[in-house]
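Notes follow once the structure below has been shown.
Since every read-out is calculated from the coordinates, none of them should be taken as a lab result. For clarity, every value in this text was computed on a predicted model and none was experimentally measured. Please note: Cβ atoms are built from the backbone with ideal geometry, for glycine as well, and neighbour counts cover all protein chains shown.
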Amino acid sequence: MTVPLKNMTLEYEEAREDPALELKFRRDFLCQWTNAEIRWIPMDKYDKCADKFDIEKLAGRECYGGLDLASSDDIAAFVLIFPPNEIDSNYYILPHFWIPAENMFRRVKIHHVPYDRWVRDGFLTATDGNIIHYDFIEKEIERLYDIYDIKQIAFDDWGATQMAQNLDKMDIPMVKTRQGFFGLSRPCKELYRLILDEKFRHGGNPVLRWMIENVHIETDAAANIKPSKKKSKDKIDGVVAAVMALDLAIVQGDKKKNNAGITVYDPVTDTIIRNGKVVEEPERKVETDAEMLRRLERESWRDM
């Protein structure tokens, strides 16, 4: 089958902006064999989003959380995603990471990852013992909840169910997120787009950068994508948490857009409601029976 050059050009331009579509383009148009998993974020683009920002200015701002606990002897991640508002078109991310102190130095020697330096510089928290005590993370999330306007927190129910129940009892809204293509593809693609557009401010956090560089993604036949913990070269917990948080922000943003500009007449109160607020309307003139008959007579003459 011959493909028009115009169609192929359009597919090529889209593939340049989307790694999953790049795989599809190589298979369908260039007849190249490709793996189902690929490296994800171009690091040169990611590094352009590393401008420092004032964390204190985010206090009280609407945000959404993502929680990925992995296992108790591994790295745990909790991130906050701050969507754009009326005066700022950027997304911001505040990541928090924990690691057991007792196995940290062994990891440094074996994997040659500078966990100890990240702890010293304040980008990673080492908890006492050889496992992460989840109550420590719960208390930290409580503290952050008092500082920021956290609307919801997404979590993977593997290993996080008990903590989610505890936080929910504290009136912190928890949302279970599906970890397959269906649940993660859309926010993954949106994160990729935000980074290319330089709208994703991460402040140069070195732990998050390391995890971003580790990520390989899987893709299915429909060009859906998701991060692959099995295929990635090292830890990506912070990225998974960020994708889950971004998904909540996208969903709530969609709801706001759908509700914007809607005008409803409430016959009970005889008021006009626009964007959830009662709008003052000019007083309607009540038509008498005689006026109605004269109007109908005029309209009938126009129709003859």
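Mind checking the full-extension length gain between Lys233 and Arg61? Use 0.36 nm per residue of separation minus the Cα-Cα distance, one decimal, nm. Intermediate results must be reported in sequence, preceding the final value.
On the way: separation 172, 0.36 × 172 = 61.92 nm, distance 3.46 nm.
Stretched out fully, the Lys233 to Arg61 stretch lengthens by 58.5 nm.
Distance check, please: which entries in Lys57/Lys109; Lys199/Lys255; Lys151/Lys235; Lys45/Lys256; Lys48/Lys169 exceed 32 angstrom between their Cα atoms?
Values: Lys57/Lys109 38 Å; Lys199/Lys255 21 Å; Lys151/Lys235 27 Å; Lys45/Lys256 29 Å; Lys48/Lys169 40 Å.
Result: Lys57/Lys109; Lys48/Lys169 exceed 32 Å.
Once both labels are modelled 7 Å past Cα along the beta-carbon direction, what's the Ile87-Asn130 spacing in nm?
5.2 nm
Mind putting a number on the dipole of segment 43-259 about its Cα centre? Charges go on the C-beta only, +1 for Lys and Arg and -1 for Asp and Glu, and I need it in Debye to the nearest 20. Working shown, then result.
Working: 31 positive and 35 negative charges, 132 e Å.
Approximately 640 debye in magnitude.
Mind ordering 206-212, 91-97, 112-118 by average Cβ neighbours within 10 Å, highest first? Show your work: numbers first, answer last.
On the way: 206-212: 20.3, 91-97: 22.6, 112-118: 15.9.
The densest-packed peptide leads the list: 91-97, 206-212, 112-118.
Summarise the long-distance tail of P(r) for segment 43-259 by giving the % of C-alpha pairs beyond 33 Å. Walk me through the intermediate numbers first.
Working: 2333 of 23436 pairs.
Roughly 10 percent, once rounded to a whole number.
For a paramagnetic label modelled at 7 Å from the Cα of Met43 toward its Cβ, which residues of segment 203-221 fall within the zone defined by backbone nitrogen distances under 16 Å?
The answer is 204-217.
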